[in-house]
Amino acid sequence: MPIRQKLEEAGVLKPAEIEMLVRVFDATCPKFENVCDRQQRAARIIAQYQAGVRNEAELTELARQPLGH
């Protein structure tokens, strides 16, 4: 399920917030990524946003880091 659909179904974010999170997700997509890795990346982006990271550039940088960093 695409990240946009999951965010819209949750109904807790404003459209502008969803747009930003989708931009971060799209900007951090590696060339070859399996479904599991894609879902984990989406979950990390959302979790970081919920934890208070609101800056798009910072979210993008965090999403590009390997797990565990």
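Which one of 13, 39, 59 has its Cα pushed farthest toward the positive end of the charge dipole of the chain, where Lys and Arg give +1 and Asp and Glu give -1 at the Cβ?
With unit charges placed on the Cβ atoms, the residue in question is 39.
Can you tell me the accessible area per residue over the chain, all protein chains present, probe 1.4 angstrom, in square angstrom?
Ligands and nucleic acids excluded, the figure is 68 Å² per residue.
Note down the net charge around residue 65, summing +1 for each Lys or Arg and -1 for each Asp or Glu among other residues with Cβ under 13 Å from its Cβ.
+1
Heavy atoms only, probe 1.4 Å: what % of the accessible area of region 15-65 goes to carbon and sulfur, would you let me know?
For region 15-65, the apolar C and S fraction of the accessible surface comes to 55 percent.
For the chain, what is the convex hull (Cα atoms) projected area averaged across all directions, in square nanometres?
Convex hull of Cα atoms, orientation-averaged projection: 4.5 nm².
Sequence gap at least 6, Cα distance under 8 Å: using those rules, report the relative contact order of the chain to the nearest whole percent.
This gives 34 percent for the chain.
By how many nm would the segment from residue 38 to residue 16 grow when fully extended, if each residue of separation counts as 0.36 nm and the alpha-carbon distance is taken off?
That pair, residue 38 and residue 16, stretches by 5.7 nm at full extension.
For region 8-34 and region 46-61, what is the separation of their Cα centres, given in Å?
What the calculation gives is 11 Å, centre to centre.
The values are calculated or read from the model by the stated rules, or taken from the named source; none is laboratory data. This structure is a prediction, so every number in the text was calculated from the model and none was measured. Counting neighbours? That spans all protein chains shown, and the Cβs are built from the backbone with ideal geometry, glycine included. Ligands, DNA and RNA are stripped out before the accessible areas are found, and what is left, the full protein with its side chains, is counted by its heavy atoms. Shrake-Rupley method; radii C 1.70, N 1.55, O 1.52, S 1.80 Å.
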